[in-house]
């Protein structure tokens, strides 16, 4: 970033540099302690230029939240290939999530910690992103429950109609909330615990969510489907 | 509360009344919008008395967080009877947790939402309580993994020593983080979703955590152990 010329750069590019510097500073120092001087210096621009482009510390922080939320949602979405088995899709989604949060620890600190710790307007931005992820996971579980249910279940109407294998809609929503909460918690833990890779964190949650503690205790973790089940990249 | 005389009451009792009123007001209105006038009125005391006893809005809010955190931790601890099977203990702990958060929605809103949304000193109080709960769950899973492992595993040293059934310590810590995150998320959801009882929320998480999505999809939820396994109350 330091080697890039800062003169005559398109506004969009310069704004991204400011946001890069802001995410790093807010994520590492916290919203309160972060100073606009520091952000401007790290971005290699003058402080008035930061204010000119992004108005205020508040709106700069909001812009960081929005950008980080959008890239996280996009990373998870694009990590999951349609048409594969339900557990494979969950495994891909979890790997994409933990890889993204591990590579962007400052962005994750902003979303998970900073944005929720500094008042309502910021918290509302994160809540909106979270709802989007919960909805995505809910659909994933609902489709898996439908497909994995009784052989006779072959449509959305099977959800909740049969007592046994298909899960009631209500239960699916609860499971999605549980899974998203578990992922958030584990990502925060993985990012501050030395030696925990993104893949390990994803595997821990996959085992927890798919095999369950009961099977884990008896030495039956979840195993990835054989490679031939994968679509070519 | 309204029928209790407010004169010549021991300080401790009156303080609890103020805290009851404050928890309700902070939980429902949010920290920023809550007014000391409203809290004093709800507690049936004068505003100067609230300031005399609890100093400031900040320290009143801190006192609410500490009290709600302590009663939540105590509810979970006392809900779990030692000497029963691991899945029974987890089931009891989850029921205690969801029963407590359902009965004290304002207290839970303070811990889960308000305390994390209004700056560092409050967030730190909740983080301390959370660490305590994670440590409790970690021990529960570690003991379950030890007991549920290979027949030859009979001590703490079995954790991570055998590749297969016993879980590495590292993995246990991650599973505890995942479980606590899932419970937090589900409690917040259950409290705002009509028709979800504490028992249902606990059952959803027990199914998720113990049976896993894999078994759930195939119609094999977790079932409570038979009643004869229970110790007499």
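The residues of the range B:50-79 that are surrounded by 19 or more Cβ atoms within 10 Å (Cβ to Cβ) and within 13 Å of the chain's Cα centre (by Cα), listed by number, are B:65, B:68, B:69, B:72, B:76. Being under 25 Å from residue B:210 (Cβ atoms) and modelled with pLDDT of 95 or more holds for only one residue in B:138, B:99, and it is B:99. Looking only at the range A:195-224, residues that are over 18 Å from residue B:169 (Cβ atoms) and either modelled with pLDDT of 75 or more or touching a strand residue (DSSP E or B) at 6+ places or on another chain (Cβ under 7 Å) (or both) come to 10 in all. When you look at residue A:63, is it touching a residue at least 24 places away in the same chain (Cβ under 8 Å) and either closer than 29 Å to residue B:215 by Cα or not in a helix (DSSP H, G or I) (or both), yes or no? Against the criterion (touching a residue at least 24 places away in the same chain (Cβ under 8 Å) and either closer than 29 Å to residue B:215 by Cα or not in a helix (DSSP H, G or I) (or both)), residue A:63 does not qualify.
Would you point out which residue out of A:44, A:83 is away from chain B (no Cβ under 14 Å) and in contact (Cβ under 8 Å) with a residue 60 or more places away in the chain? Going through A:44, A:83 in turn, just one is away from chain B (no Cβ under 14 Å) and in contact (Cβ under 8 Å) with a residue 60 or more places away in the chain: A:83. All conditions but one from (1) in a helix (DSSP H, G or I); (2) touching a residue at least 40 places away in the same chain (Cβ under 8 Å); (3) away from chain B (no Cβ under 14 Å) apply to residue A:78; the one that does not is (2). Looking only at the range A:166-194, residues that are assigned to a loop (DSSP other than H, G, I, E, B) and either within 19 Å of the chain's Cα centre (by Cα) or modelled with pLDDT under 90 (or both) come to 4 in all. Only residues that are over 17 Å from residue B:103 (Cβ atoms), in contact (Cβ under 8 Å) with a residue 24 or more places away in the chain and at the interface with chain A (Cβ under 8 Å from one of its Cβ atoms) were counted across the range B:174-203, and they come to 5. Of all the numbered requirements in (1) touching a helix residue (DSSP H, G or I) at 6+ places or on another chain (Cβ under 8 Å); (2) not in a helix (DSSP H, G or I), residue B:8 misses one, and that requirement is (1). Taking residue A:31 and the conditions (1) in a helix (DSSP H, G or I); (2) within 29 Å of residue A:132 (Cβ to Cβ); (3) not assigned by TED's automatic domain parsing to the domain that holds residue A:100, which numbered condition does it fall short on, given that it satisfies the others? Among (1) in a helix (DSSP H, G or I); (2) within 29 Å of residue A:132 (Cβ to Cβ); (3) not assigned by TED's automatic domain parsing to the domain that holds residue A:100, residue A:31 violates only (1). Only residues that are in contact (Cβ under 8 Å) with a residue 12 or more places away in the chain and more than 7 Å from chain B (Cβ to nearest Cβ) were counted across the range A:208-222, and they come to 1.
Conditions (1) assigned by TED's automatic domain parsing to the domain that holds residue A:127; (2) under 24 Å from residue A:28 (Cα atoms); (3) in contact with a helix residue (DSSP H, G or I) (Cβ under 8 Å, 6 or more places away or on another chain), marked per residue:
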{"position": "A:59", "(1), (2), (3)": "no, yes, no"}
{"position": "A:86", "(1), (2), (3)": "yes, no, yes"}
{"position": "A:101", "(1), (2), (3)": "yes, yes, yes"}
{"position": "A:106", "(1), (2), (3)": "yes, yes, yes"}
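Can you tell me which residue within the range B:31-49, out of those that are under 19 Å from residue B:114 (Cα atoms) and touching a helix residue (DSSP H, G or I) at 6+ places or on another chain (Cβ under 6 Å), is surrounded by the most Cβ atoms within 10 Å (Cβ to Cβ)? Once the filter is applied, the top-ranked residue is B:39. Being at pLDDT 95 or above and under 26 Å from the mean Cα position of the chain (by Cα) is not true of residue B:34.
The values are calculated or read from the model by the stated rules, or taken from the named source; none is laboratory data. Being a predicted model, the structure only gives us computed values, none of them experimental. When we count neighbours, we look across all protein chains shown, and the Cβ atoms used for this are built from the backbone with ideal geometry, even at glycine.
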